Amino acid sequence: MNKLELSSLYQLTMVRFRLFLREPEAIFWIFIFPILLAVGLGIAFRNRPADVLQVGATTTQLMQALAADKGLTAVTVDEAAGTHSLATGQILLLAIQRPDGVVYKYDDTNPDARTARLVADRAVQAAAGRHDAVRAANELVHETGARYIDFVVPGLLGMNLMGSAMWGLGFSIVEARQKKLLKRMVASPMPKWQYLAAFLLSRLVMLLIEVAVFLTFTRVVFGVPFRGSLVELGILCLMTSLAFSALGLLTASRARTTEAVSGLMNLVMLPMWILSGIFFSASRFPALIQPFVRALPLTAAIDAIRGNMLQGMSMSQQTAPVTILLAWVVVPFAVSLKIFRWR
Amino acid sequence: MTNGAATLGTRVAEGGTSLLLRGVKKAFGDVKAVDGVDLEVLRGECFGLLGPNGAGKTTTIEICEGLTEPDAGTVELLGLNWRANAGELRQRIGIQLQETQFPDKLTVEETLRLFRSFFKRGISVDESIKTAQLEEKRGARVGGLSGGQKQRLAMATALVGDPELLFLDEPTTGLDPQARRHLWDLVDELKHAGRTIILTTHYMDEAERLCDRVAIMDHGKVIALGTPNELIASIGGEDIVEFAVVESIDSPVPKAGSPPHGPGPVRWDPGPGAPVAHGSVDEAMLLGIPGVKSHRVDAGLHQLAVSETHTVVPRIFTALTEHGLHLSEFRTHSATLEDVFVRLTGRNLRDE
């Protein structure tokens, strides 16, 4: 045996790798799942050429007036059939010819239907002879970095770092405790800090792979921009992973069964899935709960990663989220080391 | 020096005391798990803690292993104590705990490499695999091992540090008879290699087979201490006679409240209102037979501690026949540690 093989920290870290790599499900969740999610969302929210909206009209004349606008396709239907098409989502708007003018039937809570209302009315008025008072022309811009996929990639990255760190630490530790392996380990001369350090070391290596694979994929396939420093992006990912490792450790520090810790971890992660702005901006939540939302580690992580990737901000420009993230590294670690149950 | 000490002389001279407990107590809430235990284990000895489940064996051994802090008393291992010398003690002892499940997806060799890395000095991984007779399973995942192989792996993880003192907590519980014997052979080898071993068990045959000395524990106390032979001799009777009776094979009507007698062993059960004077086993009558030292009934089975079995047995037959009783079961065996426990507590080891 060489020197490295005799090092307990090396052995403990290798055990973590082996156990991880021999768990195919874990590999799926950490490496494959985020990519599938990004692909799915990328397809669903891809930037299409401006939508052509489906509308219906009760007379042929009205239908032709509507169809004259490039933004609409129109069909002729009677009022009853049109109402049914409206209810089943086949058309967004039904234009009904009445003796005294035109009535538009549509759902005003649906943004597409509201657009259809504006476009349809413009077409009807133009057909009736209205002229624009001001001459207007369009200049179209499709800016990388302003698309939904650009927004959601940092969110998915944050979510993935949270999941892999929390499950990676929390579940494994409680499983070892439940199987009395933890007790057996402390009955040996193993330095306790090395047991926890091995988790962090293996997490670090996994993190490199996880982040690199995901970001390379989104870069190549979607052209997601990296406007900030890559080194700082790496540091932010590392801090995120450490913060959630600490939280995972805290969650696992007392639990005796894997069932208990699974429930506990979902409880801890659930508010962040909803509130931390993975899929939409966290600023949509009411001002009243904003302080809480901002204090969550995932909100801070995603904000900071978005700032780096999309706006090219440096860490010194993002002191608030970086400070919050740091606090989430230090405090849970300190608390869990105090209350950790070794048997 | 007395004769008795002289036989142990070489050992004592070589080593002295490996483990010393004085007045050790531990309570969990209202339950006194260990209630004032004193023990001394000599170097090179195989010492057994024997007792039923819940007697305090595991708590005692875990106090020795430094995993549980005693409420009172002193614990000394190899002349050191847990408070001042924990680091050194961990290096010098080997521990096998009850119910450790090693990770299923590691191999035998990987598991042992891991544990070997914790010790500054010790035997090689190969050697530990060889000692535990796991050569064929070296590359196999732990999840695929049998119960006996898993237990031998646990033993190997305790041996990789070449410990001066080895703790085995219920090493054969849950194993099939063949795996048990296999493990006993392994312990035998370790004994012959001169290691000090402390083991707990609730199998008296295991204690008799493996241990130089045994402490019998019950309700957190040591109720007997000595070599298996000394303990067996201490209850007086050299042999145990066990029998069960039926009142009369001629009795045509089964008693109300009793099931009809089928073939096979029948339990003697007087039932409510049954005539007691006639046909029942009279304790005074049995104790009156010369050579019978004691009597107790356990689930219809009468147990007599007797000396000079060959002369006593015919007298028992005669006495029972005179009282109109017929035997449905009869056997004799040499007294065991089980009988010692029964005599001391009035309960069977496995009652709990």
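Observations, loosely collected:
- Selection of first residues in the range A:154-183 that are touching a residue at least 40 places away in the same chain (Cβ under 8 Å) and more than 14 Å from chain B (Cβ to nearest Cβ) and of second residues that are among the aromatic types (Phe, Trp, Tyr) and assigned to a helix (DSSP H, G or I), restricted to Cβ pairs under 6 Å at least 6 apart or on distinct chains, gives the following pairs, ordered by first then second residue: A:162/A:244; A:165/A:244; A:166/A:244; A:169/A:199.
- Pick from the range B:49-75, criterion over 15 Å from residue B:28 (Cα atoms) and in contact with a Phe, Trp or Tyr (Cβ under 9 Å, 6 or more places away or on another chain), ranking: nearest to the other protein chains (Cβ to nearest Cβ): B:65
- Single residue of the range A:313-343 satisfying the filter (assigned to a loop (DSSP other than H, G, I, E, B) and modelled with pLDDT of 90 or more) that is surrounded by the fewest Cβ atoms within 10 Å (Cβ to Cβ): A:314
- Pick from the range B:116-130, criterion within 24 Å of residue B:173 (Cα to Cα) and in contact with a Lys or Arg (Cβ under 9 Å, 6 or more places away or on another chain), ranking: surrounded by the most Cβ atoms within 10 Å (Cβ to Cβ): B:128
- Qualifying residue in the range B:164-181 (condition: part of a loop (DSSP other than H, G, I, E, B), closer than 25 Å to residue B:43 by Cβ, in contact with a Lys or Arg (Cβ under 6 Å, 6 or more places away or on another chain) and facing chain A (nearest Cβ under 10 Å)): no
- Filter pass, residue B:79 being more than 8 Å from chain A (Cβ to nearest Cβ) and within 14 Å of residue B:157 (Cβ to Cβ): no
- Residue B:106 of a type outside the set (Lys, Arg) and within 13 Å of chain A (Cβ to nearest Cβ): yes
Yes or no, residue by residue, for (1) under 21 Å from residue A:148 (Cα atoms); (2) in contact with an Asp or Glu (Cβ under 7 Å, 6 or more places away or on another chain); (3) free of Cβ contacts under 8 Å to residues at least 60 places away in the same chain:
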residue: A:193; (1), (2), (3): no, no, yes
residue: A:202; (1), (2), (3): no, no, no
residue: A:207; (1), (2), (3): no, no, yes
residue: A:225; (1), (2), (3): yes, yes, no
residue: A:234; (1), (2), (3): no, no, yes
residue: A:245; (1), (2), (3): no, no, no
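- Tabulated pairs, the range B:118-131, first touching a residue at least 12 places away in the same chain (Cβ under 8 Å) and more than 10 Å from every other protein chain (Cβ to nearest Cβ), second among the basic types (Lys, Arg) and part of a loop (DSSP other than H, G, I, E, B), C-beta under 6 angstrom, 6+ apart or interchain: B:129/B:138
- Each residue in the range B:101-114 was checked for being farther than 11 Å from residue A:5 by Cα and out of contact with any Gly (no Cβ under 8 Å at 6 or more places or on another chain), and 6 pass.
- Matching option when the condition is within 25 Å of residue B:54 (Cβ to Cβ) and within 13 Å of the chain's Cα centre (by Cα), among B:166, B:231, B:183: B:231
- Which listed residue is without any contact (Cβ under 8 Å) to a residue 60 or more places away in the chain, of a type in the set (Gly, Ala, Ser), more than 30 Å from residue A:196 (Cα to Cα) and surrounded by 12 or more Cβ atoms within 10 Å (Cβ to Cβ), from A:282, A:287: A:282
- Any chance residue A:319 is in the same structural domain as residue A:198 (by TED's automatic domain parsing), more than 22 Å from residue A:207 (Cβ to Cβ), among the polar types (S, T, N, Q) and out of contact with any helix residue (DSSP H, G or I) (no Cβ under 8 Å at 6 or more places or on another chain): yes
- Scanning the range B:151-196 for residues that are basic (Lys, Arg) and either in contact with a helix residue (DSSP H, G or I) (Cβ under 7 Å, 6 or more places away or on another chain) or not assigned by TED's automatic domain parsing to the domain that holds residue B:208 (or both) turns up just one, B:152.
- Verdict on residue A:192 being within 14 Å of chain B (Cβ to nearest Cβ) and at positive phi: no
- Evaluation of residue B:94 against the conditions (1) more than 26 Å from the chain's Cα centre (by Cα); (2) buried (at least 21 other Cβ atoms within 10 Å of the Cβ); (3) within 23 Å of residue B:196 (Cα to Cα) shows that the sole unmet condition is (1).
- Among the residues of the range B:49-72, those that are modelled with pLDDT of 90 or more, in contact with a helix residue (DSSP H, G or I) (Cβ under 8 Å, 6 or more places away or on another chain) and assigned to a loop (DSSP other than H, G, I, E, B) comprise B:66, B:67, B:68, B:69, B:70.
The values are calculated or read from the model by the stated rules, or taken from the named source; none is laboratory data. Note that the structure is predicted; figures quoted are calculated from it, not measured. Quick reminder, even Gly has a Cβ in these numbers, built from the backbone with ideal geometry, and neighbours come from all protein chains shown.
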